[in-house]
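Just below is one structure, and these are the notes that go with it.
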């Protein structure tokens, strides 16, 4: 930081969390100018370190991408009207920064001449490139945007390609069939779906939140059916290598199924199980209650995601 008085640099001692005092006889027309030079830096996200945010000083930079399919851009007072509802684009088609030395990325973000607080990437390999211009996030409106950037080394990118397209295709297929969903363990989705709990706890594993019930406890949510009678309940689990659990799932307090993972072969990573909902439990209903109940002295599996889906 530099302080100038009438164009002349002032000497001072810098101390953190303190003030700079200027003592002089002031005259009308004196000009004090303070310059705060800012550097471009990179911050890794704490739970997903392959993603980074690019900062200029304290200001978060982002880039406009595309403007198609912006349904839900303007919030209204309907239920969940504050949540963007436009079509989701495949995550594996988003821009990815490829750099052998990730820490060098900030050095390759340079100012755009004649445009304050506007930057571009120079000599940087970007996969799925748009014409990317970085600017303060607060200036971006009415557009899709990139704010957190996946950054990979060339070797990591090859590995990523092997799995990303398949995973994203499966995810988008689920999204297309989804009538309603709730993410257990996340505050807002649980509030929005009128959660009820007893002897229940939540946590996070592998960067995803979960909820479980224990010792005869339960947790439940109200989900919208959209008036459909051909639905299945889809639940996301994760294998941890420990012994499975046995618990019950209820629809409007009627037993839908008993889930018994106690003898099942543990699967690798995250996986989904679907349970058909009898049409008589759906007839004439706009919403229903889904409850996960543990048995006395037992616990449910950690539940990572719950969806009501159209049958295929």
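Computed from the coordinates by the stated procedures, all read-outs in this text should not be read as laboratory data. The structure displayed is predicted, hence computed values, not measured ones. Virtual Cβ from ideal backbone geometry, glycine too; neighbours counted across all protein chains shown.
Numbers for the structure displayed
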quantity: Interatomic Cα distance distribution for region 1-158, bins of 10 angstrom, percent; calculated: 8, 28, 26, 19, 13, 6, 0
quantity: Cα→Cβ-extended label distance, 7 Å offset, between residue 199 and residue 38, nm; calculated: 5.4
quantity: Distance (nanometres) between label positions extended 7 Å along Cα→Cβ at residue 160 and residue 6; calculated: 5.6
quantity: Gain on full stretching of the segment that runs from residue 128 to residue 100 - 0.36 nm per residue minus C-alpha separation; calculated: 8.3 nm
quantity: At 1.567 mPa s and 4 °C, Stokes diffusion of region 133-177 via Kirkwood alpha-carbon radius, µm² per second; calculated: 96
quantity: Convex hull (Cα only) mean projected area of the chain, reported in nm² to one decimal; calculated: 24.0
quantity: Angle between the chain longest axis and helix 154-177 axis [Cα atoms, degrees, rounded to 10]; calculated: 50
quantity: Relative counts (whole %) of C-alpha pair distances in region 1-70, using bins that are 5 Å wide; calculated: 3, 11, 14, 14, 12, 11, 10, 8, 7, 5, 4, 1, 0
quantity: Relative contact order of the chain, pairs being alpha-carbon contacts under 8 Å that are 6 or more residues apart, as %; calculated: 15
quantity: Gyration tensor over alpha-carbon atoms, region 180-310, equivalent ellipsoid semi-axes in Å; calculated: 22, 16, 15
quantity: Size descriptor, Kirkwood hydrodynamic radius, that averages inverse alpha-carbon separations across region 123-225, Å; calculated: 17.9
quantity: Globularity index of region 58-117, i.e. its alpha-carbon radius of gyration over 2.2 N^0.38 Å; calculated: 1.62
quantity: Contour excess over end-to-end distance, with Cα ends at residue 255 and residue 174 and 0.36 nm allotted per residue; calculated: 26.7 nm
quantity: Cα→Cβ-extended label distance, 7 Å offset, between residue 28 and residue 71, nm; calculated: 6.6
